[in-house]
Amino acid sequence: MLSDDALAALWLSARLALWVTPAYLLVGALLAWALVFGLKRPAWLDALVTIPIAFPPVVIGFALLWLLGRQTLLGQTLIAMGLSFVFSFAGLWLAAFISGLPLVVKTLQTALQAQPRDLHESALTLGCKPFAAFWLVHLPIARAALLTGVLLALARGLGEVGISLMLGGNILGRTETLSLAIFNSVTAGDFRQGALLSGLLGGFCLSLLALVRWLQPKTRGFA
């Protein structure tokens with residue numbers, strides 16, 4: 001049986017998934033549009049999106065803590081507006097969002113770049129504005145890639161530890177996600193609880209990967 005703290009962590013992770021998924025969809029689509037169609041030289045934005053893939057999560061978490069901490073000007077301004085990213089659900093959301101977003105953007109970006117250039121030019125010729133052409137023509141064609149990216153991002157975000165640990169603080173019953181509960185169980189020597197929680201998180205991620213596999217186009221060959 002799972003402890004009350006473990007059940008609280010399970011519910012917190014479910015709530016986190018519910019809130020971060022729409023952000024993956026919207027922001028991931030907008031950033032992919034900016035990288036493929038919106039900017040002439042998007043190297044800086046491409047590098048910014050890629051940073052969470054290349055940098056250690058703990059380093060990113062420390063940078064965010066240093067930027068958004070309660071003693072910083074930005075952190076104090078956000079607190080005055082009623083928003084705090086340190087030791088809060090908002091911090092967990094930001095950790096999951098930042099760690100998973102590159103998978104959405106890169107997956108969709110690759111799919112958009114593979115589309116024929118004539119498709120975009122035909123949409124413009126028929127009277128579509130560039131942004132409208134993206135939403136009405138390109139994105140529907142690449143919807144499988146968008147959903148694939150979101151599923152991969154969700155699996156990555158829910159398994160995040162480093163950034164969540166730095167921003168959320170790993171507070172039992174408050175900011176302890178399922179992945180952090182596994183870490184805490186193993187640290188405390190409760191391997192049975194750690195195994196149960198690992199099975200739950202691993203099974204969920206395997207289900208997401210199965211959906212990713214199902215979304216892939218069916219091709220003939222040896223694969």
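The values are calculated or read from the model by the stated rules, or taken from the named source; none is laboratory data. What you see is a predicted model, and the numbers here were worked out from it, not measured in a lab. All Cβ positions, even for glycine, are placed from backbone atoms using ideal geometry, and neighbour counts span all protein chains on display.
Residue by residue, here is whether (1) under 18 Å from the mean Cα position of the chain (by Cα); (2) hydroxyl-bearing (S, T, Y); (3) surrounded by fewer than 15 Cβ atoms within 10 Å (Cβ to Cβ) holds:
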position: G38; (1), (2), (3): no, no, no
position: L48; (1), (2), (3): yes, no, yes
position: I51; (1), (2), (3): yes, no, yes
position: A54; (1), (2), (3): yes, no, yes
position: V58; (1), (2), (3): yes, no, yes
position: L67; (1), (2), (3): no, no, yes
position: R70; (1), (2), (3): no, no, yes
position: G75; (1), (2), (3): no, no, no
Single condition S122 does not satisfy, out of (1) of a type outside the set (A, V, I, L, M); (2) assigned to a helix (DSSP H, G or I); (3) touching a residue at least 12 places away in the same chain (Cβ under 8 Å)
(3)
For the stretch 155-197, name all the residues that are part of a helix (DSSP H, G or I), more than 30 Å from L68 (Cβ to Cβ) and free of Cβ contacts under 8 Å to residues at least 40 places away in the same chain.
F191, R192, G194, A195
So if I check each of A195, A145, which one is small (G, A, S) and either buried (at least 19 other Cβ atoms within 10 Å of the Cβ) or at positive phi (or both)?
A145
Kindly establish whether L103 is touching a residue at least 12 places away in the same chain (Cβ under 8 Å), in contact with a Lys or Arg (Cβ under 7 Å, 6 or more places away or on another chain), under 15 Å from V150 (Cβ atoms) and surrounded by 14 or more Cβ atoms within 10 Å (Cβ to Cβ).
yes
Criterion first (exposed (fewer than 15 other Cβ atoms within 10 Å of the Cβ) and either under 20 Å from V212 (Cβ atoms) or at pLDDT 90 or above (or both)) does T21 satisfy it?
no
